[in-house]
Amino acid sequence: MGIIVAKIIVWLDRRLQRIRRADSVMEDFVAISTILLTYSLTEVVNGYGFLAVFVAGIVAQRSYRDPEKPLAQLEFIERIEKLLEIGTILLLGSILLVKPIMTHAFQSLTVIVLLFLVIRPLGAWISTMGKGSAHSSRRQMDVRTRLLFGWFGIRGVGSLYYLAYAFGNGLKDELGEQIAWITYSTIVVSVIIHGISSTPLMNWYERDVAIANPNRKSANSTIDEFE
């Protein structure tokens, strides 16, 4: 579905552009329509909408001959994403309660430590094994870059998506409440710790890694690509 929907939208966009050129604002909404249509149509056929949107993004980006066009759409989508992410975090903050957080504090702390210090870093390290630099497939990715990949996360919106998916497929009662509060606590801690550490780590990366290797991408673009 990700391939089919993206190909159809790109094909229609090209045909319509021959008839009448669309302004940049309307072009941005083409990206929004690709996301919404792909997700909704994939769910209709009982597919995995989250993954289909990811595939559609890759297909759409590689289907345009003008490299600036998908980049412009990406910037617009990132702004929308940040706004929705802020809204989601604010909504999450409004439903937090001290008592259930303290009740599941030990389980939450265990999950947080494992995710932040073991699962995420190990997964990122394995995922980047053998990956070359941006301009040479023979050179290995800088160790500091790989460590930076392993630190950033957890994406709160993604976690809430999977939690909602689990609730929609039978998760309930005491177990559902426990998993929900562990998820909420993990997101809150991630927002605080990763939020505080992002600026000094980015400054360190740009100063000591990116400048020392001028052919590398910037830290923000590299991290965003990996995410």
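Each reported figure results from applying straightforward, stated rules to the coordinates on display, with no laboratory input. Predicted model, so just to flag it, every value in this text is computed and none were measured. Cβ coordinates were reconstructed from backbone atoms using ideal geometry, including for glycine residues, and neighbour counts include every protein chain displayed.
A few points about this structure:
- Net lengthening on full extension, residue 62/residue 113 (0.36 nm per residue, minus Cα-Cα): 14.5 nm
- Spacing of the two label points (7 Å from each Cα toward its C-beta) at residue 32 and residue 173, in nm: 4.3
- Förster radius 35 Å - calculated FRET efficiency between residue 83 and residue 143 (Cβ-Cβ, nearest 0.05): 0.50
- A Förster radius of 25 Å, combined with the Cβ-Cβ distance separating residue 162 from residue 131, puts the computed FRET efficiency at roughly 0.45.
- Distance between modelled label sites at residue 204 and residue 45, nm, 7 Å Cα→Cβ extension: 4.6
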